Amino acid sequence: MSLAEEEELQIESKYIKEKMIGEGTYARVYKGKATFSFQLLDLGKDRVTGRTVAIKKIKLVQTEIGLQGIEISAVREVKVLRELRHPNIIELIDIYSHQTNLQLVLEYLDSDLEMIIKDKSLVFILADIKSWMLMTLRGLYHCHRNWILHRDMKPNNLLVGRDGQLKIADFGLARDFAEPRVKNMSPQVVTRWYRAPELFFTPAQYGYAVDIWSVGCIFAELMLRTPYLPGDTDLGQLELIFQALGTPTEEDWPGFTELSKSVQFQKYNRTPLKTLFTAAKNDAIDLLEKMLTYDPNKRITAREALLHPYFRNKPRPTAPGKLPKQEQNHKILNEDILFNKKSGQKEITMYYYIAFNFLALSINHQLLVGPRIITTEVILSY
Amino acid sequence: MTSRLTTPNGKGFQDPDEECPVCRNTRYLTPNMRLLVSECYHKMCQSCIDRLFANGATECPIPGCKKTLRKISFVEPTFEDLSVEKEVRIRKKLAQQFNKRREDFNAPKEYNDYLEMVEKLVWNLNNDIDLEKTKARIESFATENREIIARNAKKQFEEEEWASRVQDNERKKKKKNFEEYTNKLAEEKKAKEAHKAEVIELLANSTESAKSILEKKGVARKKSNIRIKDSLDNDNNDGIGELLIGLDKVSQEEETKEFDPIASEYMDIDHYTLKDKYYDTYLPTPSLIMRAGGYNPKFAYERSLQSAFSGIFSDKKEEKMYS
């Protein structure tokens, strides 16, 4: 065994996979635990502390020379995350290879902003929205000051931990920008609902502004509790943006007439944002307007956004620990209802759920009820 | 912000799982779907209605319902739950005729019986029990009590008029009180400034010792302050507090100034100034269309400068981070 292989094995032995929690196009994600062994004097005993981690096992893809390559997005993710360390960006803890596999060890967070927005049992106050926006922008500013574009900002990619900290994740589309040489960039980035208008005109070059637009859409979504601009086709998305914010004129966006000369757009008038966001204060509306500016050169930067009066004015952003979050049991219930919707077994699941809760309360530390495991915290405290 | 759930087109919150029972299309797939409701209280979407009733009146497409419908008989429902929608409509219709009041009866028992009867009618109509009989009863009631119905309708109209006038007056009064209060606050501020100017003037020109001047003036001011406060308390004790939220804005802004929104652990790279223009033969001069797409060579220049300057001027803060 070579030295390098031995080293890899040593890293690998630090982590235990527990169960698979998801599968994407280029990776399988497992929930696992980190074990740190250190010796206690001469007792020679190993201690296990269980930091929960997510282990991303990168799948191999077919190339000309066989099943050998790894997806470009995996390369991007590793490349970018190794550079970034910030409280609001997901932490890449370790990387190791096992035979032909590449495995990334990432922080584990069990909720995301999309789930929180969709959970109608949670009530947001203005300060909560401010807090999430603040954490998102802090993370994004850290990316931008290191000249990295995220290019897939959406609530689904903003993970939220048990402690309420929000972390930007999924850097599979990220790349650096403002390189001192002109290299073409792909306009096919960002999930459609959060895609900036300039990207629909297939520019060869673009900048920080695409991420800011997405954050603006997320801001609006937090206030509305429903996606702000849910277009069903690329052209429909542009149409929807223009309907909401008015068709841009040459004055709003210099160069727009030349960009859009192949397509004729209907002229819509701009309705003031205040009419839709009735409960928002003026400072919030002003920030949203600056984020959803048509001209990418005039769109607010992450730093300017952080320095906007919105964050300084009252109410102060809620402390992360006090933000509304989903109950763990509640989450399990939701998943089960979704799962059983097709077979029409809602009532039965409800019954299970009640029984589960009751047992969890009364026996307190007994572990299994049916197929479900009580949360890791309980196991740890036992 | 949280209480009003709206979509970009301004309609209320809509359930993505809602589906048209005829074509099984869901709101998730077509966000603009309009579900209308028929006379027989069956929901269907606009496109189904257009399709089914293109050639005039036809039977309701819902199995078991034989009612003949026309396109025009579909209306937008107010409530999502159709049983609620139906009951509300029935009650609204009945209330026009069954508008007798307590004073139209001699004894409480008679009034209670009357209310009981109305409830029974609503129940029957709502659940399709003895429809013919019920309708006949309603008609006979209407003809018997024509005079009372007309009189009560008139009364109700007058009462509504009165209530709206009272509300209007109250609003005006509140507004007036609020204006008075803001005026008073402005006056107080003015008085404070005038007093300050006076003290400075005295300190500058008088031969008296500074301490004695301040003592005299300080006491005088405190007194006047209390007086103004008292008058405010006496004048405005009827719900003005809630109107004053806007007034505190300025002071709040000052309070939160020490808040650091960026809170970065990293040091900013500075010691350089970014110029608007550089002599550059390497990067292309951006055309209008490149700029419109978001390209700006400024960022490339800044990035180059930062890479050149990062690490030159080491800082303790940074050293700690990397050690």
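Some notes on this structure:
- In segment A:238-264, residue nearest to the other protein chains (Cβ to nearest Cβ) [restricted to those that are in a loop (DSSP other than H, G, I, E, B) and hydroxyl-bearing (S, T, Y)]: A:S260
- The one condition from (1) under 27 Å from A:T136 (Cβ atoms); (2) more than 8 Å from chain A (Cβ to nearest Cβ); (3) outside any loop (DSSP other than H, G, I, E, B) that B:L274 does not meet is (3).
- Condition met for B:L35 (at pLDDT 85 or above and over 30 Å from A:P227 (Cα atoms)): no
- Boolean, A:K298 is more than 8 Å from every other protein chain (Cβ to nearest Cβ) and under 20 Å from A:Q205 (Cα atoms): yes
- Residue under evaluation A:R270, criteria (1) within 12 Å of chain B (Cβ to nearest Cβ); (2) surrounded by fewer than 19 Cβ atoms within 10 Å (Cβ to Cβ), criterion not met: (1)
- Listed by first and then second residue, the pairs linking a residue in segment B:97-114 that is farther than 18 Å from B:I138 by Cβ to a residue that is at pLDDT below 90 and among the basic types (K, R), with Cβ atoms under 6 Å apart and 6 or more places separating them unless they lie on different chains, are B:Y111/B:R102.
- Considering the conditions (1) of a type outside the set (K, R); (2) part of a helix (DSSP H, G or I); (3) in contact with a strand residue (DSSP E or B) (Cβ under 7 Å, 6 or more places away or on another chain), A:I129 is excluded by exactly one of them, (3).
- Inter-residue pairs, beta-carbon under 8 Å, first in contact (Cβ under 8 Å) with a residue 60 or more places away in the chain and farther than 10 Å from A:Y30 by Cα and in segment A:96-108, second surrounded by fewer than 21 Cβ atoms within 10 Å (Cβ to Cβ) and of a type in the set (S, T, Y), 6+ apart: A:Q103/A:Y96; A:Q103/A:S97
- Matching residues in segment A:187-212 - criterion: being of a type in the set (F, W, Y), facing another protein chain (nearest Cβ under 10 Å) and assigned to a helix (DSSP H, G or I): A:F201
- Residues of segment B:102-133 that turn out to be of a type in the set (D, E) and under 37 Å from the mean Cα position of the chain (by Cα), as a count: 1
- Single residue of segment A:114-126 satisfying the filter (within 11 Å of chain B (Cβ to nearest Cβ) and not in a helix (DSSP H, G or I)) that is nearest to A:A280 (Cα to Cα): A:I125
- The sole residue among A:T275, A:T301, A:T271, A:T257 that is among the β-branched types (V, I, T) and in contact (Cβ under 8 Å) with a residue 40 or more places away in the chain is A:T301.
- Residues (in a helix (DSSP H, G or I) and closer than 15 Å to A:D295 by Cβ) located in segment B:278-304: B:L288, B:I289, B:M290, B:R291, B:A292, B:K298
- Which numbered condition B:N99 fails, given (1) part of a helix (DSSP H, G or I); (2) among the polar types (S, T, N, Q); (3) within 41 Å of the chain's Cα centre (by Cα): (1)
- In the condition set (1) surrounded by 14 or more Cβ atoms within 10 Å (Cβ to Cβ); (2) closer than 23 Å to B:M290 by Cα; (3) in contact with a Phe, Trp or Tyr (Cβ under 7 Å, 6 or more places away or on another chain), A:F265 is compliant with all but (1).
- Criterion: under 27 Å from A:Q237 (Cα atoms) and of a type in the set (A, V, I, L, M, F, W, C) - qualifying residue of A:A178, A:A174, A:A127: A:A174
- Between B:N112, B:N126, B:N55, B:N25, the distinction of being of a type in the set (S, T, N, Q) and within 14 Å of chain A (Cβ to nearest Cβ) belongs to B:N25 only.
- Restricting attention to segment B:43-82, the residues being in contact (Cβ under 8 Å) with a residue 40 or more places away in the chain and either surrounded by 11 or more Cβ atoms within 10 Å (Cβ to Cβ) or part of a strand (DSSP E or B) (or both) number 4.
- Of the residues making up segment B:284-323, those that are at pLDDT below 85 and surrounded by 15 or more Cβ atoms within 10 Å (Cβ to Cβ) are B:P286, B:E318.
- Test for B:E87: is it in contact (Cβ under 8 Å) with a residue 60 or more places away in the chain, of a type in the set (D, E) and surrounded by 12 or more Cβ atoms within 10 Å (Cβ to Cβ): no
- Criterion violated by A:S131 - all others in (1) surrounded by fewer than 21 Cβ atoms within 10 Å (Cβ to Cβ); (2) within 14 Å of another protein chain (Cβ to nearest Cβ); (3) in contact with a Leu (Cβ under 9 Å, 6 or more places away or on another chain); (4) small (G, A, S) satisfied: (1)
- Single match in B:E147, B:E201, B:E208 (criterion: modelled with pLDDT under 90, outside any helix (DSSP H, G or I) and more than 42 Å from the chain's Cα centre (by Cα)): B:E208
- Checking A:R225 against (1) within 12 Å of chain B (Cβ to nearest Cβ); (2) more than 25 Å from the chain's Cα centre (by Cα); (3) at positive phi, the condition it does not meet: (2)
- Restricting attention to segment A:272-297 and to residues that are of a type in the set (G, A, S) and assigned to a loop (DSSP other than H, G, I, E, B), the residue that is nearest to A:R312 (Cα to Cα) turns out to be A:A280.
Yes/no matrix, rows are residues, columns are (1) among the aromatic types (F, W, Y); (2) closer than 17 Å to B:C20 by Cα; (3) in contact with a Cys (Cβ under 6 Å, 6 or more places away or on another chain):
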position: B:Y41; (1), (2), (3): yes, yes, no
position: B:A54; (1), (2), (3): no, no, no
position: B:P63; (1), (2), (3): no, yes, no
position: B:T78; (1), (2), (3): no, yes, no
position: B:R89; (1), (2), (3): no, no, no
position: B:L94; (1), (2), (3): no, no, no
position: B:L115; (1), (2), (3): no, no, no
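- Counting residues in segment A:143-150 that are away from every other protein chain (no Cβ under 13 Å) and crowded, with 21+ Cβ neighbours inside 10 Å gives one or more.
- Considered as a group, the residues in segment A:162-179 that are more than 14 Å from chain B (Cβ to nearest Cβ) and charged (D, E, K, R) include one that is surrounded by the fewest Cβ atoms within 10 Å (Cβ to Cβ), and that residue is A:D163.
- Exclusive hit being closer than 30 Å to A:I55 by Cβ, in a loop (DSSP other than H, G, I, E, B), away from every other protein chain (no Cβ under 12 Å) and not polar (S, T, N, Q), set A:L159, A:L109: A:L109
The values are calculated or read from the model by the stated rules, or taken from the named source; none is laboratory data. Fair warning: this is a prediction, and the values are worked out from it, not measured in the lab. Cβ sites come from the backbone with ideal geometry, for glycine too, and all protein chains shown count toward neighbours.
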